[in-house]
Amino acid sequence: MPSLSPRRLCLFNTTTGAPLREMTFLTSILAVRLNRKRLVVVLQEKTYIYDSNSLSMLDTIDTVPNLKGLCAFSPSLEGCFLALPASTAKGAVLVYNVMELQLHCEIDAHRSPLAAIALSSNGKYIATASEQGTIIRVHLVSEATKSYSFRRGTCPSTIFSLSFAPSLQLPDILVATSSSGSVHIFSLGFETNQRTKMSGSFLGSILPYSVNDALDPAHHHVLHNAVSAGVRSYAVVRKVDKVADSSSSEIASCRAIISLIAYNGYFQEYTFTLNSQNESTWSLEREFNLVAVISGNAETS
């Protein structure tokens, strides 16, 4: 059926639902990213950059074979970057400035090939995970330097998704899902205090920051058995609220809304709270089976 071809891209007006434009490519479309200025279409060995308004092609990027369609896109026009795998042998990532249409940098993040990539909404940070799945690294995009190394666990696991909090100032929260069935949250906002304490200790004085970060679990918070092990899942941080201390201007706690969807059809929404003492709580706000809801609606109609 040509209308269902994986090589066909359809653009719609989300207000009226009317089709705007159809585009057909030589090979299957693996990923699409869009903001007010740029449209990005990822194929297995090519990535196309378009003007979102005129849909004129602006650039073509030849890439290494990208079978999974891995990519990350920061929607902010001030820091609008696209990240793509730069190697099939190691975890190198290519960062491209889609507004200036030029290569920004290439980062060697892992020894193993990449499994997941995420950019913060303001384009400040990029998070990566390799196929090994034990370490998640966060780099500062502007300088291509490593800022954080988070240890997810000691046993290999497939990282299904990485997502930053939707903050335009500081991505305080990074959330990850893995094949273990757990949801992992890494706090960047409160992590500075933890790093200061670690660097002041004897162990911190003889170990580099990269090792300190991997060994220090203080900024890592886990929700175990959120979904069945092996079931692919995706999590996004929908909202973050910072609660200030009434007696000072410092942040007393951070509250985030986490949405989780799994390939078995279940949708869950959690409230995650983290205070300045690094104590966290998870609260399941709602859960339902999307498959059951869709089937029920189909039967009633």
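The values are calculated or read from the model by the stated rules, or taken from the named source; none is laboratory data. Since the model is a prediction, treat every value here as computed from it, not as a measurement. Note that we place each Cβ from the backbone using ideal geometry, even for glycine, and neighbour counts take in every protein chain shown. For the accessible areas, the whole protein counts, side chains as well, though only heavy atoms, and no ligand, DNA or RNA atoms are used. Shrake-Rupley method; radii C 1.70, N 1.55, O 1.52, S 1.80 Å.
Details
- Derived scalar couplings between HN and Hα for the range 173-182 equal 10, 10, 10, 9, 10, 9, 5, 6, x, 9 Hz in order, rounded to whole Hz, by the Karplus curve 6.51 cos²θ - 1.76 cosθ + 1.60 (θ = phi - 60°), x for Gly and Pro.
- A cut-off of 5 Å between modelled amide H atoms, ignoring neighbours fewer than 5 places along the same chain, links Ser178 with Phe160.
- Residues in the range 124-137 carry Karplus couplings, in order, of 7, 10, 10, 10, 9, 9, 9, 5, 5, x, 9, 10, 10, 10 Hz; the curve used is 6.51 cos²θ - 1.76 cosθ + 1.60 with θ = phi - 60°, and Gly or Pro positions show x.
- Whichever lysines have a C-alpha closer than 22 Å to that of Lys90, once near sequence neighbours (fewer than 8 apart) are set aside: Lys46, Lys68, Lys146
- Candidate lysines for bridging to Lys242, where Cα separation is under 24 Å - those fewer than 8 sequence places away on the same chain excluded: Lys124, Lys197
- For Cys105, the residues whose amide H sits under 5 Å from its own are Val95, ignoring neighbours fewer than 5 places away on the same chain, with H placed 1.01 Å from N.
- Amide H contacts under 5 Å for Val64, placed H, 5+ residues apart: none
- Label-to-label distance for Asn35 and Lys90 is 2.9 nm, based on points extended 7 Å past Cα in the beta-carbon direction.
- Global geometry of the range 43-131, whether rounded, prolate or oblate, following the gyration tensor of its Cα atoms and the 1.5 cut on a/c: oblate
- As a fraction of the 1.4 Å probe accessible area of the range 16-141, surface on carbon and sulfur atoms comes out at 49 percent.
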